[in-house]
Amino acid sequence: MRFLICGLFGFSLLATGLAHGETLRFASGYPPNSVAEEAVEKYIDVLEKQTDGELTAKIYSLTLLNLLETSAGVRDGMADAGIVLFPYFASEYPRINMLAETSMLLNAGDQDPGMAGLIFTGAFSEFLFLHCPQCDQELAKQNQVFLGSASTPTLPLLCNTPVKSLDDLAGKRLRSGGPQWSRWAESVGATPLSMSVNEIYEGLDQGVVDCTIQTTTELSIFRLDEVASDITLGVPGGVFGGSGVNNMNRDSWASLNDSQRGAVLRASATLSAQAAWGYDALGAENLKKAREQGIQVHQADADLKQATREFIDQDIKTIASNYRKRHDVQDAQAMIEAFRPLLARWTKLIQGVEGPEELAELYWQEVFSKVDPSTYGQ
């Protein structure tokens, strides 16, 4: 991340790469001591080791750019790199957001919901790196290079009343954080509501909403364990996977030499793995604590799961149609069909992974190592 000197800095180092001990400025819209910050710190450690201290990074948590500012800030060189949440910028990244919106496909197959975030991270990163030149074009228009993603655990219902069946959901008011989940709510007879994440606590507490479609990580992050009495697993599913955990300014990327870019890619595999594994672990820990606190944990009934599977089959067509009409993504259906096999591939690859280090090695071997640092993003 850089200030007014960024243009001169990038120009002078364009041909030769960064000098010994140079520091990349990394913008994070997440607070200190969060899963995201811990993942970036791991990234920095690997980057330093890979370059023998020639290249490092400094994280600025909530002090340089917030999440709404990060895309433009990285684009304009206020930061060398940062965490970009693509759904915040619908018109800038239509193809990338379309793929992120398909995450409920994880409910349609044999994927383990306990590893949904790890699966989607691998598939999404692989597709953007290796199979989507149009996605790179979207990023190039924003003067950015994609260097990996991370996904949340699967999304259950966090409620202030028991919900297990279709009948239980009829007329319920559900806070939704994305259009696909809003459509799902309507399909099962509920009413979707738009509400900022900072309003959910009060909404559940005062009965303004009956449930929020939210990962269990938020039980501790936003203290929802104080106001949620019930959790329903198995629906609606899907993950929040539309993130670029290390989007880099394209000029900053070009200023690195091939060896440095390779080191950034190696470290980025660790960043993706640490973030995805960290969120997954926190979600599992919070669910365990919720049970201990007396929060009732339910599995969705068969009728609700079946209705959800039927919705997913239809909604994939809706997603493709919406992006064709609204964003002129004429190859929408073809892109989705090309992406689906990667979810199945990563379902198999992820089996047996027992920690973030193993996950980082898997991401590196299967995806990041296949990116050519001499040509990618050039």
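Would you be able to tell me the number of residues in segment 321-363 that are among the polar types (S, T, N, Q) and assigned to a loop (DSSP other than H, G, I, E, B)? Residues that pass the stated criteria total 2.
Set side by side, the residues Thr318, Thr375, Thr308 differ, and just one is assigned to a loop (DSSP other than H, G, I, E, B), not assigned by TED's automatic domain parsing to the domain that holds Tyr93 and not basic (Lys, Arg), which is Thr375.
Checking each residue in segment 216-275 for being farther than 20 Å from Ser61 by Cα and without any contact (Cβ under 8 Å) to a residue 60 or more places away in the chain picks out Arg223, Glu226. Candidates are the residues of segment 351-378 that are hydroxyl-bearing (Ser, Thr, Tyr), closer than 20 Å to Ala140 by Cα and touching a Lys or Arg at 6+ places or on another chain (Cβ under 9 Å); the one that is surrounded by the fewest Cβ atoms within 10 Å (Cβ to Cβ) is Ser374.
Is it the case that some residue within segment 296-303 is charged (D, E, K, R), assigned by TED's automatic domain parsing to the domain that holds Gly189 and not in a helix (DSSP H, G or I)? Scanning segment 296-303, I find at least one residue that is charged (D, E, K, R), assigned by TED's automatic domain parsing to the domain that holds Gly189 and not in a helix (DSSP H, G or I), so the answer is yes. Based on what the data block shows, is Val235 assigned to a loop (DSSP other than H, G, I, E, B) and over 20 Å from Ala27 (Cα atoms)? So Val235 passes the test.
The requirement of being in the same structural domain as Asp280 (by TED's automatic domain parsing), of a type in the set (Ser, Thr, Tyr) and at pLDDT below 50 is not satisfied by Thr70. Among the conditions (1) closer than 22 Å to Phe222 by Cα; (2) surrounded by 21 or more Cβ atoms within 10 Å (Cβ to Cβ); (3) modelled with pLDDT of 95 or more; (4) out of contact with any Phe, Trp or Tyr (no Cβ under 9 Å at 6 or more places or on another chain), Gly29 misses just one, which is (3).
The values are calculated or read from the model by the stated rules, or taken from the named source; none is laboratory data. Computed from a predicted model, the values in this text were never measured in an experiment. Heads up, the Cβs are rebuilt from the backbone with ideal geometry, glycines too, and the neighbour counts pull from every protein chain shown.
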